[in-house]
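**Q** The structure under discussion is supplied below as structure tokens; questions concerning it will follow.
The values are calculated or read from the model by the stated rules, or taken from the named source; none is laboratory data. Every value quoted in this text rests on a predicted model; they were computed, and no experiment measured them. A quick note on method: Cβ atoms are made from the backbone with ideal geometry, for glycine too, and the neighbour counts reach across all protein chains shown. Each accessible area value is taken on the protein alone, full model and side chains, heavy atoms only, with ligands, DNA and RNA left out. Shrake-Rupley method; radii C 1.70, N 1.55, O 1.52, S 1.80 Å.
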Amino acid sequence: MAGKPKLHYFDARGRMEAIRWLLAAAGVEFEEKLLESSEDLDKLRHDGSLVFQQVPMVEIDGMKLVQTRAILNYIATKYDLYGKDMKERALIDMYTEGVADLSEMILLLPLCPPDQKNVKLTLIRERTTNRYLPAFEKVLKSHGQDYLVGNKLSKADIHLVELLYYVEELDSSLLANFPLLKGLKTRVSNLPAVKKFLQPGSQRKPPGTEKTLEQARRIFKF
Ligand SMILES: N[C@@H](CCC(=O)N[C@@H](CS)C(=O)NCC(=O)O)C(=O)O
């Protein structure tokens, strides 16, 4: 029997968190090898484990996979979270990319110079309430089903719900006018595997701090 997937990243959400969420939602146990220094990263680079010299890297089914989207797509395919046909998959990809665009803005916010932070934050709020959340609310309203695509849980729902948690951390009032999204968040959060992941003590990572940023700078040398 194949062992547990092994996740290589540092002790933060970053680009690995969506992978943690997806595995957890699929009910898959995983191990983490946390990078603590730039030497740890160099070691992976030198032993040929990182195709593009970058993490996230996931050891799974005898492969060492890099590139976040490729990893997510593999997991989603393996655990039947990627639709039943090409059309469903296209929709799932489309919604996933929308989630990724807003998630990336939120992910990169801590790297923003202090004097530009407020402008960035205003832009994130504006895009959240006027572009992304209305779009997803409209999708749910258009078909009246419980999940975004094919009336069945897919990676798109899991990525969206993860994003909704981050939006709520920024400002919980941003979700106020989106009842169907709040419903989706509750529904997905109550799935037993997700519920477990949302409990304290799980492998879900907390919001980043100054210390997280310092550690990232140390490991990735930026
Ligand atoms: N397109 C890649 C980007 C990966 C990436 O930028 N990884 C960062 C850490 S979050 C890294 O390894 N940086 C070191 C470097 O680029 O040399 C992905 O989505 O996985």
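**Q** Order the following by accessible area, largest value first: L153, L91, L41. Probe radius 1.4 Å; ligands, DNA and RNA are ignored.
**A** L91, L153, L41
**Q** What is the set of long-range amide H partners of E32 at a cut-off below 5 Å, with H atoms built 1.01 Å from backbone N?
**A** Amide H neighbours of E32, under 5 Å, 5+ apart: L7.
**Q** Taking a probe of 1.4 Å, how large is the accessible area per residue of the chain, in Å²?
**A** Averaged over the residues of the chain, the accessible area is 54 Å².
**Q** Could I ask something else about it? Convert each backbone phi in the range 47-54 into a coupling constant with the Karplus relation 6.51 cos²θ - 1.76 cosθ + 1.60 (shift: θ = phi - 60°), then list the ³J(HN,Hα) values in order as whole Hz, x for Gly and Pro.
**A** 8, x, 7, 10, 3, 10, 6, 10
**Q** On to the next question. Going by amide H atoms built from the backbone, whose H comes under 5 Å of the H on M57, apart from near neighbours?
**A** Counting only residues 5 or more places away or on other chains, the set is H8.
**Q** Grab every C-alpha pair in the chain, bin the distances at 10 angstrom width from 0 up to the longest one, and report whole percents.
**A** P(r) for the chain, in whole percents per bin: 7, 32, 37, 20, 4, 0.
**Q** For the range 70-222, what does the relative contact order come out to in percent, with C-alpha contacts under 8 Å and a separation of six or more?
**A** The normalised contact order for the range 70-222 reaches 23 percent.
**Q** Output wanted: per-residue J couplings in Hz (rounded whole) for the range 217-222, from phi through Karplus 6.51 cos²θ - 1.76 cosθ + 1.60, θ = phi - 60°, x for Gly and Pro.
**A** So the J values, rounded to whole Hz, are 4, 5, 6, 9, 6, 10.
**Q** Name the trypsin sites (Lys or Arg not before Pro) in the range 68-140 that are in a loop by DSSP and that have at most 15 other C-beta atoms within 10 Å, would you?
**A** K84
**Q** Compare H8, H143 by solvent-accessible area with a 1.4 Å probe and give them largest first, with all protein chains kept in place.
**A** Largest accessible area first, the list is H143, H8.
**Q** Let me ask something else about it. Could you work out how much longer the chain between N130 and Q145 gets when fully extended? Use 0.36 nm per residue separation minus the Cα distance between them, nm to one decimal.
**A** Fully extending the segment from N130 to Q145 adds 3.1 nm.
**Q** Taking every DSSP beta bridge with both residues inside the chain, roughly what % is antiparallel (nearest 5)?
**A** In the chain, approximately 60 percent of DSSP beta bridges are antiparallel ones.
**Q** Follow-up question, since we're still on this one. Leaving ligands, DNA and RNA out of it, work out the accessible area of D146 with a 1.4 Å probe and give it in Å² to the nearest 10.
**A** That residue has around 70 Å² of solvent-accessible surface.
**Q** Rounded to the nearest 500, what is the chain's calculated 222 nm mean residue ellipticity when only DSSP H runs of at least 4 contribute -39500 (n - 2.57) each, over all residues?
**A** Here the helix-only value at 222 nm equals -16500 deg cm²/dmol.
**Q** Taking a threshold of 19 Å on the Cα-Cα distance, which of the pairs K141/K185; K120/K211; K138/K205 fall above it? If you can, show how the numbers build up before the last one.
**A** Details: K141/K185 15 Å; K120/K211 21 Å; K138/K205 30 Å.
Too far apart for the 19 Å limit: K120/K211; K138/K205.
**Q** Something else about it: Any idea how far apart D42 and A90 come out in nm if each label point goes 7 Å out from Cα toward Cβ?
**A** 4.9
**Q** Something else: For the range 166-222, what is the largest minus smallest coordinate of the Cα atoms on each principal axis, given in angstrom and ordered from greatest to least?
**A** 42, 27, 16
**Q** Right, here's the next one. At R0 = 30 Å, how high is the FRET efficiency between V119 and K221 if r is their beta carbon distance? Nearest 0.05 is fine.
**A** 0.65
**Q** Measure off, as a whole percent, the carbon and sulfur share of the 1.4 Å-probe accessible area of the range 66-222, all protein chains present.
**A** 56
**Q** Heavy atoms only, 1.4 Å probe, whole protein assembly: order T212, T77 by accessible area, highest first.
**A** Highest to lowest solvent-accessible surface, that is T77, T212.
**Q** Per-residue HN-Hα couplings for the range 184-198, Karplus 6.51 cos²θ - 1.76 cosθ + 1.60 at θ = phi - 60°, whole Hz, x for Gly and Pro?
**A** 4, 4, 5, 4, 5, 5, 8, 5, x, 5, 6, 4, 4, 5, 7
**Q** If you take the beta carbon distance between K6 and E210 as r and set R0 to 25 Å, what does 1/(1 + (r/R0)^6) give as a FRET efficiency, to the nearest 0.05?
**A** For R0 = 25 Å, the calculated efficiency reads 0.30.
**Q** From the Cα trace of the range 113-222, what convex hull volume per residue do you get, rounded to a whole Å³? Write down the numbers at each step before the final one.
**A** Details: hull volume 14.7 nm³, N = 110.
Hull volume over Cα atoms, normalised by residue count, gives 133 Å³.
**Q** Taking R0 as 30 Å, what FRET efficiency do you get between K152 and D61 from their Cβ-Cβ distance, rounded to the nearest 0.05?
**A** 0.80
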